[in-house]
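Here is the structure we will look at.
The values are calculated or read from the model by the stated rules, or taken from the named source; none is laboratory data. Just so you know, these numbers come straight off a predicted model, no measurement behind them. Every residue, glycine as well, gets a Cβ built from its backbone with ideal geometry; the counts of neighbours run over all protein chains shown.
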Amino acid sequence: MRHEIKVNKAKSSRINEVDFNNLAFGKEFSDHMFIADYSNGEWSNYRIEPMANIAFHPATSAFHYGQAIFEGLKAQKDKDGNVLVFRPDMNAKRMDISANRMGMPSLPEGLFLQAIEELIKLDASWVPTDANSSLYIRPFMIATDEYVGIRESEHYKFIIFTCPVGAYYSAPVNVYVSEEYIRAFPGGVGFAKCAGNYAASLYPLRFAKQEGYDQILWLDGIEKKYFQECGTMNVFFMIDNVLVTPPLDEGTILAGITRDSVITLAKEMGIKVEERNISVEEFLQAHKENRIQDAFGAGTAATIAPIKIVGYRHTKYELPDIETRTVSTAIKAKMNQIKNGDDAQKSAWVMKIDASEHVPV
Ligand code: COI
């Protein structure tokens, strides 16, 4: 079912103000945004408008009680200039899971996908062509009741904007194992992409950064023994030729779409993959015996971020030279091929948007 989306085009484009050769992450915004409103139990008023500030009442409930969820996905251009969005159906499904956990309304998958398609058709010229850049798509939903009491909001806004972005990390990352701060507990909201999970990580990260680390390697909250996530990414270790990543079954880990892609592609490449707990003890032992061959974080923003150092109890554990990381390098190359439309066998992983009918603003 196609939805009616009203379009109010920007009077002029800001694209010439952007240096596409020096893109940072998340600092430049394309010309348009998509907005939908939720009230009386249904979504309506679908529109694309010029990217602009939005006014909210100070009592808007998302500001106070944090009913706020988001997604992140990326688009690239193929050789023919079509825009390819990587696995957007997965983001639509995950957004629904997050919405459900946060007491927020479901959003039809078809609307999520159509909104991205229409928005990108309009702003197709904002999709970078450089191999290391992409268009980052940020859908999010917030509660908009103007009410100070605590309850599930009755009004919401679903918004999508896009940003041309360069690399999230410019170098391999150093991560510190936090024993003091915990990201998520069973029964909590670790699996939801809700704003509060990210807010709660910032104060602990301050201390890790002071010690020269880029991110925290989170431990489980019960035993403080097992790796969970690495900053805002899922974490992978290659130990004894097996690619290992923590399992999702406790509900404390975000089901990353890059995580799923890494697992699928690794298996297809004949690499043995295990979704199982990895303890700090196992890591230290394997490190001592030089059995760790690769380690990386996987997420939409960073794609695959090699981990150079794991810090634990003020000791730095160096991991193998980046040049020797054949597994993560091969998986990343494969993923790039798929994203660029160079892998016909995985064409189902990209939503192709024909941008030829696009009329620049
Ligand atoms: C992602 O990797 O997609 C993230 O969630 C990072 C984002 C918070 C910038």
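In the stretch 38-85, what residues are aromatic (F, W, Y) and farther than 29 Å from P128 by Cα?
Result: Y38, W43, F56, F63, Y65.
Based on what the data block shows, is Q228 farther than 30 Å from I15 by Cα and either outside the structural domain of I292 (by TED's automatic domain parsing) or more than 14 Å from the ligand (Cβ to nearest atom) (or both)?
Judged against the criteria, Q228 is a match.
Would you call T329 out of contact with any Gly (no Cβ under 9 Å at 6 or more places or on another chain) and not assigned by TED's automatic domain parsing to the domain that holds F207?
When the stated conditions are applied, T329 passes them.
Quick check on my filter: what residues within the stretch 1-36 are within 16 Å of the ligand (Cβ to nearest atom) and out of contact with any Phe, Trp or Tyr (no Cβ under 7 Å at 6 or more places or on another chain)?
Passing the criteria: L23, A24, K27, E28.
Only one of I216, I239 is within 16 Å of the ligand (Cβ to nearest atom) and either surrounded by fewer than 17 Cβ atoms within 10 Å (Cβ to Cβ) or of a type in the set (V, I, T) (or both). Can you tell me which?
I216
I'd like to know if the stretch 181-188 contains one or more residues that are more than 16 Å from the ligand (Cβ to nearest atom), in contact (Cβ under 8 Å) with a residue 40 or more places away in the chain, touching a Leu at 6+ places or on another chain (Cβ under 8 Å) and of a type outside the set (S, T, Y).
There is at least one residue in the stretch 181-188 that is more than 16 Å from the ligand (Cβ to nearest atom), in contact (Cβ under 8 Å) with a residue 40 or more places away in the chain, touching a Leu at 6+ places or on another chain (Cβ under 8 Å) and of a type outside the set (S, T, Y).
If you go through the stretch 302-336, how many residues are of a type in the set (G, A, S), surrounded by fewer than 18 Cβ atoms within 10 Å (Cβ to Cβ) and modelled with pLDDT under 95?
Matching residues across the stretch 302-336 total 0.
Output the residues belonging to the stretch 59-71 that are within 16 Å of the ligand (Cβ to nearest atom) and over 30 Å from N340 (Cα atoms).
G66, A68
For the stretch 22-33, what are the residues that are under 19 Å from the mean Cα position of the chain (by Cα) and either in a strand (DSSP E or B) or without any contact (Cβ under 8 Å) to a residue 24 or more places away in the chain (or both)?
M33 - this is the single residue of the stretch 22-33 that is under 19 Å from the mean Cα position of the chain (by Cα) and either in a strand (DSSP E or B) or without any contact (Cβ under 8 Å) to a residue 24 or more places away in the chain (or both).
Checking A124 against (1) in contact with a Gly (Cβ under 6 Å, 6 or more places away or on another chain); (2) over 29 Å from G190 (Cβ atoms), which test does it fail?
Only one criterion is unmet by A124, namely (1).
Restricted to the stretch 343-361, and to residues that are in contact (Cβ under 8 Å) with a residue 40 or more places away in the chain and surrounded by fewer than 17 Cβ atoms within 10 Å (Cβ to Cβ), which residue is nearest to L219 (Cα to Cα)?
Here the residue is K352.
Taking A52 and the conditions (1) without any contact (Cβ under 8 Å) to a residue 40 or more places away in the chain; (2) touching a helix residue (DSSP H, G or I) at 6+ places or on another chain (Cβ under 6 Å); (3) small (G, A, S), which numbered condition does it fall short on, given that it satisfies the others?
(2)
Looking at the stretch 260-286, I want the residues that are more than 20 Å from T300 (Cβ to Cβ) and have a partner that is of a type in the set (V, I, T) and surrounded by fewer than 19 Cβ atoms within 10 Å (Cβ to Cβ) with Cβ atoms under 6 Å, at least 6 apart or on another chain. Which pairs are those?
Listed by first residue and then by second, the contacts come to K267/V273; K272/V242; E274/V242.
Of everything in the stretch 287-326, what is touching a residue at least 40 places away in the same chain (Cβ under 8 Å), more than 16 Å from the ligand (Cβ to nearest atom), β-branched (V, I, T) and more than 16 Å from A171 (Cβ to Cβ)? Give them in sequence order.
I292
Yes or no: K74 in a strand (DSSP E or B), within 16 Å of the ligand (Cβ to nearest atom), within 20 Å of G299 (Cβ to Cβ) and at pLDDT 95 or above?
yes
Every residue in the stretch 123-153 that is in a helix (DSSP H, G or I) and surrounded by 22 or more Cβ atoms within 10 Å (Cβ to Cβ), please.
Selection gives A124, W126.
Output the residues belonging to the stretch 160-177 that are within 16 Å of the ligand (Cβ to nearest atom) and not in a loop (DSSP other than H, G, I, E, B).
I160, F161, T162, C163, P164, V165, V173, V175
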